[in-house]
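Notes to accompany the following structure.
The values are calculated or read from the model by the stated rules, or taken from the named source; none is laboratory data. Bear in mind the structure is a predicted one, so any value in this text is a computation, not a measurement. Virtual Cβ from ideal backbone geometry, glycine too; neighbours counted across all protein chains shown. For the accessible areas, the whole protein counts, side chains as well, though only heavy atoms, and no ligand, DNA or RNA atoms are used. Shrake-Rupley method; radii C 1.70, N 1.55, O 1.52, S 1.80 Å.
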Amino acid sequence: MTGERSVTEQSTAQQTVQTSATTGDRLDAAGWAQLAFGAAVGLAIGVGAGLTADGPFPWVTVVVIGVALAVVIPVAMLRAWWARGGRTTLVETRVWVLSGRVPDEVPDTVWRPRVRQLLGDSSRQLFGAWAAAVVACLWAALAISGETRDWGFAAVWAVLAAVQFVQVRKVRPSARRLLDAPARVVASV
């Protein structure tokens, strides 16, 4: 074996990539659950805005804010998935990164840009995690000198920051290791 691939192996690799590209925009149960969770978070934000506002707050405004966010958040999630090749593509890339191995049939021209994109996304997520940690500290400072309900907001922001830090911690080192690996050269006949 000199590193050459047969025509059958090359066509199988191309079919794998094409199959991944055509199924990338289909949602599985976990994708639907993420969208439903996003809609529920939008509704919760609307209700939370109504419950925490001082003085009379029209419930029509709460309903409009909640329903608007319940639509906008899932649409934003779908748009982000589609911009990166679909949710299936993102999940597949994340599996490669977390396992530290890309299947041999996937060419470098396919997996390297995906892993770079995931690393870039994790950098933005790391920035968001630090921002959430700062907001949690500010809410905690307000809670010390203010009302006790501010502790709840501080806790929400702290949990958000912690979840993002954990997610970034898993992805970044593995993605860097994959990208630092030497390029696989496939000799052609």
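Quick one: 3J(HN,Hα) in Hz for the stretch 89-97, Karplus 6.51/-1.76/1.60 with θ = phi - 60°, rounded, Gly and Pro as x.
Using θ = phi - 60°, the values come out as 5, 5, 5, 4, 5, 5, 5, 4, 5 Hz.
Which listed residue (151, 140, 165) has the Cα farthest towards the positive end of the charge dipole for the stretch 133-189, taking +1 on Lys and Arg C-beta and -1 on Asp and Glu C-beta about the Cα centre?
Working it through, the farthest residue towards the positive pole turns out to be 165.
Please work out the FRET efficiency for the pair residue 148 and residue 32, using the Cβ-Cβ distance as r and a Förster radius of 41 Å; give the result to the nearest 0.05.
The computed FRET efficiency comes out at 0.65.
For labels at residue 98 and residue 44 in the simple 7 Å Cα→Cβ model, what's the distance in nm?
So the label points at residue 98 and residue 44 sit 2.1 nm apart.
Let me know the shape class of the stretch 66-141, please: from the alpha-carbon gyration tensor, a ≥ b ≥ c as square roots of the eigenvalues, rounded when a/c is under 1.5, otherwise prolate if a/b is greater than b/c, or oblate.
oblate
FRET efficiency for residue 176 and residue 137, Cβ-Cβ distance as r, R0 = 25 Å, nearest 0.05?
0.30
Rounded to the nearest percent, how much of the accessible area of the stretch 76-185 (1.4 Å probe, protein heavy atoms only) is carbon and sulfur?
67
To the nearest 0.05, how large is the calculated FRET efficiency for residue 53 and residue 167 if R₀ is 30 Å and r is the Cβ-Cβ distance?
With R0 = 30 Å, the Cβ-Cβ based efficiency is 0.40.
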